[in-house]
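Notes for the one structure printed next.
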Amino acid sequence: MKKLWLWIPLGLFLMFCGVAAYQLTQPKDEFIPSTMIGKPLPQFDLRAASGDRPGLTTADLADGKPKLLNIWASWCVPCIAEAPHLERLRQSGAEIVGVAIRDRPEDVARFLDQYGNPYTRIGADDLSEVQLGIGSSGVPETFVIDGKGTIVYQHIGDVRASDVPVLLAKLREAGA
Amino acid sequence: MIAELGLAALWLAGALSVLQLFAGVLAVRGHEDMAALVRPAAVVQGVLASISFLTLLYLFAITDLSVKLVATHSHSAKPLIFKLSGAWGNHEGSMLLWVTVMALAGGLIALIERRLSEKTMLATLAAQAFVGIGFYAFILLSSNPFERLPMPAAEGQGLNPLLQDIGLAFHPPTLYFGYVGLSVAFSFAVGALLTRSVTPDFARAMRPWILGAWIFLTLGITAGSYWAYYELGWGGWWFWDPVENASLMPWLAATALLHSVSVLASRDALRTWTIMLGVVAFSMSMLGTFLVRSGVLTSVHAFAVDPERGTFILILLGIYIGGALTLFGLRANSISEGERFKVTSREGALVFNNVMLSAILGIVLLGTLYPLLTEAFDVRVSVGPPYFNPVGAIFTVPMLLVMAVGPLLRWRQDKLSRIQMPLAVIFAIMIAVLGLVVVLGSYSLLADLGLAIAVGLAVASFLPLRGRNLLRVPLATWGMVIAHFGLAVALFGMASESAFTKERLAAISAGQSTEVGPWQVTLEGVQPVAGPNWTALEGQLSASYEGGEPIMLNPQARNFWAPPQETSESVLATRWNGQLYAVIGNEAGQGRWQLRLWWKPFVTFIWYGGLLVALGGLLALIGRVATDLKRRRVMRRKELHQEEAVA
C-alpha cells in the first residue's frame with residue numbers, strides 16, 4: 001500500500017453505499033390525499049348532457065341523500081370497463097350522478113344505449129370546470145358526496161369489482 | 001407461448017454469461033482449452049438476448065394483455081409507435097433493453113476485436129460476462145418482464161402521458177446505448193487490470209467504444225434537455241434535477257476518459273488515470289440508474305420507483321464498482337505511469353481538461369447526493385441552480401479557456417510564445433464580445449462571460465486547421481474541430497438565453513393582446529379539441545414578430561385519460577435568432593385565460609450545438625475505425641508477402 005490515494009475512490013464509494021443503504025431502509029410517505037376531501041362542492045350549474053336525464057347543479061347534491069358523483073366521458077375506454085360495476089352499485093341502492101367531460105349529446109346517448117345508464121342526472125362539463133373544481137385530474141373518477149354537498153371520498157381511475165363494497169361502505173358512512 | 005419463449009431465451013442467455021465468466025477466468029489462469037468457449041458464448045448470448053427483447057416488442061405490438069407488463073404499461077387504443085416504446089418505457093423493459101445491448105456489445109467484441117492480446121481479450125469478455133450476470137439475475141429474479149397475469153386484463157392501463165412523445169420514446173434507449181458502451185469500457189479496464197497490460201493498443205481497442213458511448217450520451221442529454229424544455233412547459237432547459245444529473249455525470253466522466261484515452265493511445269501516458277476513469281465512467285452510469293430507479297431522491301422525472309429494486313441495484317453497484325475499485329487499489333501500483341511530458345504541451349492541456357472535468361463531475365455528484373446525505377440527519381434540502389451554476393463555473397471557465405488553446409499545442413513539449421498570434425486574436429475577440437454585450441444591456445456576469453468565451457472558442461476551434469490542406473486533414477481531427485465548435489455553439493445558446501430572455505405572464509380574454517420582447521401576441525379564442533387518447537383546451541394565438549405577418553400558435557392544456565393526467569402542450573415559434581415559447585394555463589375568471597410567454601434569443605443554439613458535438617464524435621469514430629481497418633489490411637498484406645517469400 002505504497003500509494004494511499006489509490007484507495008480514496010473506494011473509500012468514498014463505500015461511504016456512499018452506507019448512506020444509500022440507510023436511505024433505502026427509511027419509510028417514504030407516498031400517500032397524497034386530495035386537498036378537496038372534506039370540503040364542500042364548488043357552485044356549478046351544468047346543462048343536461050343527454051336527452052333523457054336532467055342536468056346537474058350543486059343544489060342537487062345537497063338534498064340530504066349521499067350520492068356517488070362519477071366523472072366520465074363517452075370517449076373514455078376505462079369508462080366502458082367500469083360501466084357494469086356502476087350498474088351493480090345502482091342495484092345495491094346507490095344513487096349515481098354523472099358529469100360528462102367534453103362530450104357531445106349524440107355520443108353520450110350512444111354510450112348509454114350500449115353500456116347502460118346508471119345515472120339519475122348527467123351534467124355536461126365542457127370546460128372541465130367541475131372536474132378541476134373538485135380536484136379530479138382525469139376520467140374516470142368517482143367521488144362520494146354526503147347529503148350536505150361535502151366531498152368525503154375520492155376514487156381515482158375506473159371502478160372495479162373490488163371497489164364496489166368499498167364505495168358502498170363509504171356511502172353508508174356518509175349517510176350516518 | 002410467445003412470452004415463455006422470450007423468458008426461456010433470457011434464461012439461456014443468462015446461463016451462457018455464467019459459462020462465459022468461468023471459461024474466461026479459467027482460460028486467463030492457464031487452462032487454455034477453455035479459451036475456445038469464450039468468444040462463441042459471447043456471440044450466442046448476444047443472439048439470445050436479442051430474441052428475448054424482440055419477443056417483448058412483439059408482445060407490446062399485439063397488446064397481449066395476458067402479460068402483466070403489457071397490461072400495466074400499454075393500451076389497445078395507443079398508436080403503434082407508443083405501444084412499441086411502451087416496451088422500454090418502464091423498469092422491466094428498460095432493464096431487458098440494457099442487458100440486450102450489453103450482450104450484443106459483448107458479442108461484437110468477441111467477433112471483431114483483434115488488437116488486444118488474447119489474454120486481455122479473454123479477461124475483458126469475462127469481466128463483461130460478470131457485469132452481465134448481475135443484470136440477468138436482477139431481471140430474472142426481481143423484474144421479470146414476461147410475467148403472466150392470472151387472468152388476462154380487459155384493458156391496459158396505458159403509458160404515462162408525459163412519455164407519449166416521439167422524442168421521449170427514443171430518449172431512454174439512446175442513453176442506454178451510452179451507458180452500455182461505458183460498461184464495455186469498464187470491462188476493458190478491468191480486463192487490463194487483471195492482466196496488467198495497459199498499452200496504447202489497449203487504448204485503441206477501447207476508444208471506439210468510449211466514442212460510441214459518448215455520442216449516444218451527448219445525443220441523449222441534448223434530446224432530454226429539449227424534451228424537458230418543450231414538454232414540461234416551464235420554459236427552462238436544464239433544472240439540475242437528479243435524473244438530468246444522472247445522465248450528465250457519465251457524460252462528464254466519458255468526456256474526460258475520451259481525452260485521456262487519446263493521450264494513452266498516441267503517447268503511452270496517463271495509464272493509471274485512464275483505467276481509473278474507465279471505472280468511474282461506468283460507475284456513474286450505474287449510480288444514475290440507482291438514483292432514478294430506487295426513489296431515494298425526489299425528482300420531477302423519476303418513474304418506476306421501487307425501494308426493493310433500489311436495494312438490488314445497490315448490491316450490484318457494491319459488487320461491480322466496489323470490486324473494480326478494490327482491484328484498482330491492489331493493481332494500479334504495478335502499472336507504471338508511462339511517458340513523461342512538460343506542462344506546456346498537448347498532454348499538459350489534456351491533463352488540465354481532465355482535472356477540471358473531474359472537478360465538475362465531483363461538484364455535480366456532491367450536489368446530487370447532498371440531499372441524500374442531509375436527509376440521513378432529517379434535514380430536507382434541495383440543491384439547484386444557485387449552487388450548480390456558479391460553483392460549476394469556477395471550473396468550467398478555465399477548462400473552456402484551456403480548451404481553446406490546447407489543440408494548438410504540440411505533443412510532449414511546446415512554448416506558448418510559438419502560438420502568440422492566435423492567443424492574441426482569441427483574447428481580443430473575447431474582450432470585444434464582452435464589451436458588446438454590456439453595451440447591449442446585459443449585466444449578468446456568468447452569462448456575459450459565457451458569451452465572450454463562446455465566440456472566442458468558436459473561432460479558436462477552427463485554428464488547428466490553419467495552414468493545412470483541408471482535404472488531407474484526418475477525419476478524427478475534423479471530429480475534434482466540430483465537437484469543440486459545437487460546444488461553443490451550445491454555450492452561446494445557453495449564455496444568450498440566460499442574458500436576454502424576456503418573460504410575460506398575462507391574463508387576457510379573447511381579442512386582447514400582450515407583448516413579450518419583439519413579439520405581439522393576440523388571443524383569438526379558446527376551444528375544446530379531442531385527440532386519440534386525450535382531450536384538450538386549445539388556445540388560438542396570433543403572434544407577430546416586430547409587427548410582421550402574424551403566425552397562428554395553438555398551445556393546449558391536455559387531459560389524458562389512461563392513466564389520468566394533465567399536461568400542457570406548449571408551442572414554439574422558431575426564428576433563426578430565437579424562439580417564442582407559449583403556454584396556456586387555467587381560466588382566470590371573467591373569460592380571461594392565463595397565458596405565459598417567453599422570448600428566448602438563440603435558445604435553439606443549445607441543441608444545435610449538442611448535435612454538432614455528437615456529429616464531431618461520429619466523424620472521429622468513423623475516422624478511427626477506418627484507420628484501424630486500413631492498418632489491419634496493411635498488416636494482412638505484409639503477412640501474405642512474408643508467407644509468399646517463405647514459400
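Over chain B, DSSP H runs of length four or greater, each weighted -39,500 (n - 2.57), average out per residue to a 222 nm ellipticity of -21500 deg cm²/dmol. Of all stretches in chain B that contain no trypsin sites (Lys or Arg not before Pro) in a DSSP loop with at most 16 other Cβ atoms within 10 Å, the longest one is B:473-647. Of the beta bridges in chain A, as assigned by DSSP with both residues counted there, near 55 percent are antiparallel. Other residues lying with their Cβ under 14 Å from the Cβ of B:G479 contribute a combined charge of +2, Lys and Arg counting +1, Asp and Glu -1.
Of the residues B:A87, B:A36, B:M249, the one whose Cα sits farthest towards the positive end of the charge dipole of chain B is B:A36 (charges of +1 on Lys and Arg Cβ, -1 on Asp and Glu Cβ, taken about the Cα centre).
When the C-alpha to C-alpha distance is required to be over 22 Å, the pairs from A:K39/A:K148; A:K148/A:K170; A:K170/B:K68; A:K65/A:K170 that qualify are A:K170/B:K68.
Comparing Cα centroids, region B:606-641 and region B:47-97 end up 35 angstrom apart. Counting only cysteine Cβ atoms and a cutoff under 4.7 Å, the protein assembly as shown contains unmatched residues A:C17. For chain A, the longest principal axis of the Cα atoms and the long axis of helix A:163-175 meet at an angle of about 70 degrees.
Remark: region B:16-23, residue by residue, has Karplus-estimated 3J(HN,Hα) of 5, 5, 5, 4, 4, 5, 5, 4 Hz, where x stands for each Gly or Pro and the curve is 6.51 cos²θ - 1.76 cosθ + 1.60 at θ = phi - 60°. Enumerate the lysines that B:K630 could reach by cross-link, defined here as Cα to Cα under 21 Å, with residues fewer than 8 away along the same chain left out. Reachable lysines: B:K638. When B:E497, B:E587 are compared by accessible surface with a 1.4 Å probe, the order from highest to lowest is B:E587, B:E497.
The residue among B:L108, B:H75, B:I51 whose Cα reaches farthest toward the positive pole of the charge dipole of region B:48-122, with charges on the beta-carbon of Lys, Arg, Asp and Glu, is B:L108. In sequence order, region B:318-329 has phi-based couplings of x, 5, 6, 6, x, x, 5, 5, 5, 4, 4, x Hz under the Karplus curve 6.51 cos²θ - 1.76 cosθ + 1.60, θ = phi - 60°, and Gly or Pro positions carry x. Neighbours of B:L10 by Cβ distance under 13 Å: Lys/Arg scored +1, Asp/Glu scored -1, total -3. For region B:24-34, putting each phi into the Karplus relation 6.51 cos²θ - 1.76 cosθ + 1.60 with θ = phi - 60° gives couplings of x, 4, 4, 5, 5, 7, x, 7, 5, 5, 6 Hz, in residue order, rounded to whole numbers and with x for Gly and Pro.
The values are calculated or read from the model by the stated rules, or taken from the named source; none is laboratory data. None of these values were measured; they are calculated from a predicted model. Because the Cβ atoms are built from the backbone with ideal geometry, glycine has one as well, and the counts that use them run over all protein chains shown. Surface accessibility is based on the protein's heavy atoms, side chains included, excluding ligands, DNA and RNA. Shrake-Rupley method; radii C 1.70, N 1.55, O 1.52, S 1.80 Å.
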